[in-house]
Structure formats: C-alpha cells, structure tokens
Amino acid sequence: MSGERRAAATRAISARIRHPSWAAKRSTADEAAARIASGATLGLSGFTGSGYPKAVPLALAARAKALHASGQPFSVRVLTGASTGPEVDGALAEADAVSFRMPYNSDPIAREKINCGDIDYLDLHLSQVAPMVRGGFLGPLDVAIIEVAAIDEEGRLVPSSSLGNNRSFLEAAHGVILEVNHWQDERLLGMHDIYRDLRDPPHSQPIPLVHAADRIGEPWLRCDLDKVWAIVETDMADRCTSFTAPDERAQLIAGYLLEFFEHEVANGRLPAQLLPLQSGVGNVANAVLGGLSRSKFEGLYAYTEVLQDSMLELLLQGRMLAASATALGLSAEGMERFRANIETLQSRVILRPQEISNHPEIVRRLGVIAMNGMLECDILGNVNSTHVMGSRIQNGIGGSGDFARNARLSIFTAPSTAKQGAISTIVPHVSHVDHISQDVQVVVTEQGLADLRGLSLRQRAELIIARCAHPDYRPALQEYFERAQRVKSGHQAPVLVSEAWSWHERYLREGSMRDGSTREDV
C-alpha cells in the first residue's frame with residue numbers, strides 16, 4: 001500500500017471501526033436504506049428494546065413515505081429477536097412499510113395495524129425463529145441489519161446490549177448492514193457467549209452447557225466482509241424499559257411466591273439456593289425479583305431472557321452469583337447503575353443468542369424455575385398470555401412457552417382483575433390458549449397461590465377459584481363450576497361448551513363495567 005493510500009485508510013478508521021477494510025464500508029443511513037428493495041425480508045437485531053438498529057430503519061421509513069407519496073408501493077418483511085423500539089416497529093408501521101412481522105411486537109402502532117389486518121403477524125416461540133430461518137420456511141433472508149458496539153482490529157464484531165438472533169441473521173443473510181452505535185458501552189465485550197457449533201437434525205449434538213454460568217462460546221460476532229453492504233455509525237440510546245414502583249397487588253404476589261419457595265425448600269423439593277430463575281418482563285415480575293433481594297435466599301442464579309432492574313440489584317448485592325440472558329432490559333436508572341458497575345458485572349452477566357437462552361433442552365436440564373405473566377387463566381389452569389377477548393393480540397407469546405413447558409417449576413402470575421376491577425383474570429375458560437393446563441403448575445394473584453401439581457382438573461378448579469379469584473367474581477365462578485359438573489360429560493373437565501366463549505360478553509352485557517367503558521373499550 002502506498003503512503004498516500006495508507007494515510008487515507010488511517011483517516012478512515014474511527015474510534016469504533018478499527019480495521020481499515022471495514023472502515024472503508026462506512027455509509028450514511030440514507031445510502032444504506034436506499035439499497036433495500038421493496039418486498040425484501042429483513043433480519044434485524046433487537047430484543048426487548050435493546051440492541052436494535054435505529055438510524056437505518058428510520059431512513060427506510062422516510063424512504064417508504066416518500067415513495068408512497070409518489071404513488072409507488074414499498075414494504076418489507078421484518079424478522080427480529082423479539083420487540084424493538086419506536087425507531088423500528090413504530091416508524092416502519094406508521095409509514096405503512098411492513099407487510100409481515102415476526103416473532104414478537106410491543107409497539108402500539110404496529111399492534112393496531114396487526115389487529116386491523118394491515119400487517120400479517122406470526123406469533124412464534126422465540127427459540128424456534130433461528131431454526132425456521134435456517135430451514136428456509138420464511139424464504140431467503142435478503143438483508144440483516146445488526147447493531148454492534150464496535151468492530152475491532154481483526155474485523156470481529158463487538159455485540160451490543162442484546163444478541164437475539166444476530167448470529168443466525170448474519171450467517172443467513174445475502175447482504176449485511178451494520179450500525180456501529182457509540183452509545184453502547186464497549187466494555188460489554190466479554191459478557192457475550194456466542195456458541196457456534198449449533199447444528200440442526202440429523203447432525204445435532206448435545207449443547208455442552210450444564211450450569212447457568214457456563215461459557216461455551218466466544219465473545220464476538222463474525223461476518224464475511226464481502227457480504228457487508230454498508231456500515232453506519234450512530235450515537236442513539238436504546239429504548240430503556242420503564243418500571244413503576246410495585247403496587248400493593250404486585251407486592252402481595254411477590255410475598256406469596258417467597259412463602260411458596262420457603263415451603264418448597266423446607267420440604268426438600270428445592271435446594272436452599274433455589275434453582276436457576278427465569279422471569280418475564282414487567283412490573284409484577286420486577287416486584288417478584290425485588291422481593292428476593294429482601295429475602296433470606298442467597299447463592300442464586302438466573303437463566304432467563306432479559307436482565308431487568310431487580311435482577312441487577314440481586315447481582316450487585318451478591319445474592320445472585322451470575323445471570324444468563326440474551327438482552328439487557330433495564331430502566332434508564334438501571335442502565336446508569338449497570339455502566340457504573342460494569343467491571344464487576346463482566347464476570348457475572350452472560351449474554352447468549354436466544355436460540356441458546358431459550359433452548360428447551362437446556363431449560364429442562366438446568367431445572368429452571370419459570371415465572372411469567374398472563375392475561376387470564378381459566379379454572380382448569382389453561383393460560384392466555386397473548387390475545388385480548390380471544391382475537392386481538394396484545395404482544396405475543398415470546399419465550400414464555402419455551403420456559404413453561406420445559407421448566408422444573410412453571411409459575412404464572414397476574415392481578416386477579418383488570419380494567420379497574422371490571423374484568424376477572426380468572427375465567428371459566430380462556431378465550432385463547434397459549435399454555436395448556438399440563439404446562440401450568442402454579443398460579444398466583446394478589447388473592448393467593450394455587451399449587452396445581454398432582455391435582456385433577458376438578459381439584460384444580462376448586463383451588464383456583466378459592467385461592468386466586470377476586471371475591472367479587474368467586475360466586476359466579478363457583479356457580480359456573482357447579483353447573484358444569486351437572487352436565488353428564490362434565491365430571492372430568494367441567495366446561496360448559498355453550499358458555500365457554502361468552503364469559504366476558506355476559507358481564508359486559510349485564511353492565512358490570514364499573515368504570516363506565518363499553519365493550520369496544522376493552
């Protein structure tokens with residue numbers, strides 16, 4: 001290389017792109033977005049508002065609006081790890097630029113377009129996404145748009161705050177656009193554990209992970225430089241998760257669970273340090289984990305999807321020795337604490353691809369305690385975690401099914417009522433089934449805890465009504481249960497088929513909406 005060319009290459013190297021060949025691929029977001037064709041299938045990084053690309057999707061949304069204004073159609077198919085942020089789902093949905101979305105969404109604009117039928121939506125167990133991509137069931141993956149924290153001197157990609165399906169998307173995509181985000185902390189390097197020897201049947205092998213804190217891979221993502229279309233430098237924050245202070249109901253739920261854990265330890269069914277913990281995201285989940293920070297339990301481990309504030313607190317207290325996840329899901333305050341203690345946390349936090357963090361074989365082997373939220377639960381123990389009134393999707397099943405079916409202990413939590421008490425979350429029969437009764441072992445509301453293990457369906461119904469239903473709805477549920485048992489075929493599974501789908505309709509029709517809202521408001 002001549003001296004002039006060497007000087008030009010040196011100037012091209014930035015603080016975050018430290019290899020000259022990679023630095024030569026730098027581009028603007030508009031230039032990168034212009035290379036994406038209408039109808040393309042995109043694989044985007046991102047999991048629960050962490051580590052998703054920001055500049056290129058915004059540029060793509062602006063391009064779609066301009067094309068639509070000139071009468072030209074434009075839309076893409078979007079695959080991710082899980083939810084993203086407003087720069088992806090919100091901006092692209094608002095621009096009518098998404099024709100298909102999977103496997104999870106939490107953006108309100110995209111949700112409305114999905115429920116109106118403007119976007120086709122595939123709600124999928126998160127562990128199944130990467131195998132479906134590799135199997136070709138979703139067609140070719142045209143472009144992967146992946147956020148990273150840096151590109152090192154050897155051309156290796158330093159992952160950012162989530163891993164999700166990044167490795168699989170980089171390997172499967174025909175073209176790659178990278179966003180190097182200066183907002184992400186380079187000291188994340190060392191937290192990631194990317195296992196590369198994952199094979200599909202008939203060539204699959206056991207995954208050598210036998211403890212929640214095991215590291216079995218390497219800390220970098222890798223990509224063929226020839227596939228890279230563009231590298232865009234950004235400085236844009238993740239959509240930090242917001243948590244409210246636990247209300248009385250959340251604290252009661254946490255209290256019942258802690259008492260239950262103590263009971264299980266006393267009876268020899270759980271070790272004193274419990275088993276690896278998995279927790280869904282949300283205020284109730286955060287309250288449950290927060291309760292552990294004030295409990296007697298120590299020596300804890302987590303094997304979960306998302307590291308959230310209360311889990312961070314357990315790590316900093318030393319009560320939790322290590323946490324395995326696929327993404328950070330911290331509040332703004334939590335992210336500040338994370339960065340302030342990142343050197344301490346580097347050896348305690350392991351971020352894995354979601355195909356590993358949610359792998360059924362590993363969840364079963366580790367004996368995970370799975371704690372997830374729900375929209376409603378019926379008296380038999382079936383759980384609906386996705387659809388309001390049976391047809392309108394709220395977010396998606398996410399990873400709850402990966403964990404619930406394979407967990408050593410499967411727990412579902414929710415307040416006993418919704419809509420300011422107007423709707424019971426304990427119902428005769430759920431309007432949509434995500435988790436069948438065989439996968440639901442414990443149900444907890446602020447009214448109490450029902451341990452359903454070893455019980456018949458009739459025994460489950462009696463316990464759920466007595467322990468978990470709100471007193472305002474308990475008589476009606478009991479009356480339904482008794483009528484169902486009078487049906488000749490109702491002694492095994494007490495369900496009145498003619499009424500199974502009309503519970504909410506009945507209460508709305510009878511005017512029990514205490515806040516004055518209508519059926520359309522629910």
Only one of Q420, Q459, Q441 is closer than 23 Å to G398 by Cα and either free of Cβ contacts under 8 Å to residues at least 40 places away in the same chain or surrounded by fewer than 21 Cβ atoms within 10 Å (Cβ to Cβ) (or both), namely Q441
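Could you look through segment 90-109, keep only residues that are in a strand (DSSP E or B) and either of a type in the set (A, V, I, L, M, F, W, C) or not assigned by TED's automatic domain parsing to the domain that holds A64 (or both), and pick out the one that is farthest from the chain's Cα centre (by Cα)? Explain how you work it out, then say what you get.
Let us first name the residues in segment 90-109 that are in a strand (DSSP E or B), namely 98-102.
With the extra rule that they be either of a type in the set (A, V, I, L, M, F, W, C) or not assigned by TED's automatic domain parsing to the domain that holds A64 (or both), the set shrinks to 98, 100, 102.
Details: V98: 21, F100: 19, M102: 12 Å.
Per the criteria, the residue is V98.
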Within segment 64-85, the count of residues that are in a helix (DSSP H, G or I) and crowded, with 19+ Cβ neighbours inside 10 Å comes to 1
Within segment 298-342, residues among the aliphatic types (A, V, I, L, M), under 17 Å from the mean Cα position of the chain (by Cα) and surrounded by fewer than 24 Cβ atoms within 10 Å (Cβ to Cβ) come out as none
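Among the residues of segment 158-209, write down those that are of a type in the set (D, E, K, R) and out of contact with any Gly (no Cβ under 8 Å at 6 or more places or on another chain).
So in segment 158-209, the residues of a type in the set (D, E, K, R) come out as 167, 171, 179, 185-187, 193, 196-197, 199-200.
Scanning segment 158-209 gives R167, E171, E179, D185, E186, R187, D197, R199.
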Counting only residues that are modelled with pLDDT of 95 or more, among the basic types (K, R) and in a helix (DSSP H, G or I), segment 217-250 contains a total of 1
Flagged in segment 358-388 as within 20 Å of L463 (Cβ to Cβ), polar (S, T, N, Q) and in contact with a helix residue (DSSP H, G or I) (Cβ under 9 Å, 6 or more places away or on another chain), in numbering order, are N372, N382
Considering segment 319-342, residues that are at pLDDT 95 or above and assigned to a loop (DSSP other than H, G, I, E, B), and then whichever is farthest from F260 (Cα to Cα), we arrive at N341
Note on segment 343-375: residues of a type in the set (K, R) and either under 14 Å from the mean Cα position of the chain (by Cα) or part of a strand (DSSP E or B) (or both) are R352
Reported set for segment 251-283 where residues are more than 24 Å from A213 (Cβ to Cβ) and in a helix (DSSP H, G or I) is Q251, L252, I253, A254, G255, Y256, E259, F260, E262, H263, A266, N283
Residues of segment 37-56 being touching a strand residue (DSSP E or B) at 6+ places or on another chain (Cβ under 8 Å), over 11 Å from V76 (Cα atoms) and surrounded by 24 or more Cβ atoms within 10 Å (Cβ to Cβ), in sequence order, are L44, S45, G46, F47, T48, S50, G51, Y52, P53, K54, V56
Residues of segment 110-127 being surrounded by fewer than 18 Cβ atoms within 10 Å (Cβ to Cβ) and either in contact (Cβ under 8 Å) with a residue 12 or more places away in the chain or not in a loop (DSSP other than H, G, I, E, B) (or both), in sequence order, are E112, N115, D118, D120, L122, L124
Among (1) charged (D, E, K, R); (2) in contact (Cβ under 8 Å) with a residue 24 or more places away in the chain; (3) surrounded by fewer than 20 Cβ atoms within 10 Å (Cβ to Cβ), E482 falls short only on (2)
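The values are calculated or read from the model by the stated rules, or taken from the named source; none is laboratory data. Model, not experiment: these values are computed from the prediction. Note: ideal-geometry Cβ built from the backbone for every residue, glycine included; neighbour counts use all protein chains shown.
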